[in-house]
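Novice: One structure, as structure tokens, below. Some questions next.
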Amino acid sequence: MRMKGLALAALCCLFASSGSPQPRGSDAITADQHLIGTVQTRIQKYEQALGVVNQLARPNQATVECNAVCYFPSRSSPIAWRCEPGKKCDLHCTVNPPVGGCN
């Protein structure tokens with residue numbers, strides 16, 4: 001439920017700042033707390049979808065946790081995966097079903 005709230009807040013930022021139909025990876029919000037780690041939320045806008053990617057890099061962990069949602073006109077598709085430390089979570093809403101990767 002918290003992921004949906006964060007995703008909705010990120011979508012509000014997108015509508016206030018973007019009109020481009022291409023995927024965007026530069027719209028990001030980052031927060032850091034030394035006991036939890038670093039959370040980054042990015043918004044991607046496609047011609048037929050909106051994507052919200054949340055990634056958590058915990059201190060001293062072997063993986064980065066990735067959670068994302070692709071919002072389509074009539075449905076939403078959540079997805080979760082993990083990446084190696086130092087990698088970024090990469091979401092692809094242009095395929096069916098949506099997939100996540102590491103970049």
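Bear in mind these aren't lab numbers, they're just calculated from the coordinates by the rules spelled out. Quick caveat: nothing in here was measured; it's all calculated off a predicted structure. Every residue, glycine as well, gets a Cβ built from its backbone with ideal geometry; the counts of neighbours run over all protein chains shown.
Novice: Once phi is turned into ³J(HN,Hα) by the Karplus curve 6.51 cos²θ - 1.76 cosθ + 1.60 with θ = phi - 60°, what whole-Hz value does each residue of region 85-91 show in order, with x for glycine and proline?
Specialist: Listing the rounded values in order: x, x, 8, 9, 6, 10, 10 Hz.
Novice: Any idea what the relative contact order of region 28-103 is, in percent, if you count C-alpha pairs under 8 Å spaced at least 6 apart?
Specialist: Computed value for region 28-103: 22 percent relative contact order.
Novice: Can you classify region 39-103 as rounded, prolate or oblate using the Cα gyration tensor, where a ≥ b ≥ c are the square roots of its eigenvalues, rounded means a/c under 1.5, and otherwise it's prolate if a/b beats b/c and oblate if not?
Specialist: In terms of gyration-tensor shape, prolate.
Novice: A further question follows. With a cut-off of at most 11 other beta carbons within 10 Å, and DSSP calling the residue loop, which trypsin sites (Lys or Arg not before Pro) in region 26-100 qualify? Please list them.
Specialist: Passing both the DSSP loop test and the Cβ count: R75.
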